[in-house]
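Presented below is the structure to which this report refers.
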Amino acid sequence: MVPTYNERTRIVELIHAVFDTFRAASLDGELVIVDDNSPDGTGAAADACVPAYGGRLIVRHRAGKLGLGTAVMHGFLAGHAPIVGVMDADFSHPPSLIPRLHRVLLDSGVDAVVGSRYIPGGEARNWPVGRLLLSKLACVLARPLTPVRDATSGCFLVRRSAIDGVAIAAGGFKICLELLVRGRVASVAEVPYVFTDRTAGTSKMTVREAANYLTQLRQLYWVRLTGPRQRVRYVRCGTEPEPAPEGPPELR
């Protein structure tokens, strides 16, 4: 699914690119767009594409800007596939990454697979140094919660069975981390990709979002401290996808 707010510039291009990717990879995928009442007409532009893809393109409209986390959960409920996922609308996550994430999830048998900027083979391009350092710091702060090196990633796939019924507390950016901690994710793989910062539109990151992330971390640490002890199987893929190692997996 793709959450949107003021993404009219590229949303139609993205829709076509995602379905082209599905077709090339022989994936019977669906795409859910959840628009938070974008004043630039993003929702209407997405609606205009529905006839071309029938029931495989689902567009949902919300009354206002209610937060990325809740938009993602709304999108998951609107879809029907046993595997659900998230990517951004601005091409910072390449649509060509979707089949690779899907293949790794199936081949490794994990509950979730995360597109990572911060393992070998991954990279973040076109970011100011300060923004990159803050992003890496955010991931370091999350390390005691999950073995995933890029827990703040906005591009991931997860089995619906691992998150059905999960109640999230964070309405902000870091829905991946939220689901890894609150969901029933017993195994996770991480796949490198090259993140390219947006070339159109404006970033959604604000000082308020950064403060909300610290609040989210506090809540998730409490979940870990008071909940049942969880052991997570972790699989790190290299520059090219590799099968899960035969030896004992890393546990955390």
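The values are calculated or read from the model by the stated rules, or taken from the named source; none is laboratory data. Every value quoted in this text rests on a predicted model; they were computed, and no experiment measured them. Note that each Cβ is placed from the backbone with ideal geometry, even for glycine, and that neighbours are counted across all protein chains shown. The accessibility values were calculated without ligands, DNA or RNA, using every heavy atom of the protein model including side chains. Shrake-Rupley method; radii C 1.70, N 1.55, O 1.52, S 1.80 Å.
So here's what we get for this one:
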| item | result |
| --- | --- |
| Long-range neighbours under 8 Å by Cβ, at least six apart or interchain, first residue of a type outside the set (F, W, Y) and open to solvent by 70 Å² or more (accessible area, probe 1.4 Å) within the range 200-214, second assigned to a loop (DSSP other than H, G, I, E, B) and modelled with pLDDT of 75 or more | T202/N6 |
| Only listed residue being out of contact with any Leu (no Cβ under 8 Å at 6 or more places or on another chain) and open to solvent by less than 10 Å² (accessible area, probe 1.4 Å), chosen from V129, V110 | V110 |
| Pairs, first within 19 Å of N212 (Cβ to Cβ) and in contact (Cβ under 8 Å) with a residue 24 or more places away in the chain in the range 130-144, second basic (K, R) and open to solvent by less than 50 Å² (accessible area, probe 1.4 Å), C-beta under 9 Å, six or more apart | A138/K174; A142/K174 |
| Meets criteria (open to solvent by 30 Å² or more (accessible area, probe 1.4 Å), of a type in the set (K, R), in contact with a Pro (Cβ under 8 Å, 6 or more places away or on another chain) and in contact (Cβ under 8 Å) with a residue 24 or more places away in the chain) for R100 | yes |
| So A46, is it under 18 Å from F76 (Cα atoms) and at pLDDT 95 or above | yes |
| Subset tally (residues that are buried (at least 22 other Cβ atoms within 10 Å of the Cβ) and among the hydroxyl-bearing types (S, T, Y)) for the range 153-194 | 2 |
| The one condition in (1) within 30 Å of H80 (Cβ to Cβ); (2) of a type outside the set (D, E, K, R); (3) at pLDDT 95 or above that I119 fails to fulfil | (1) |
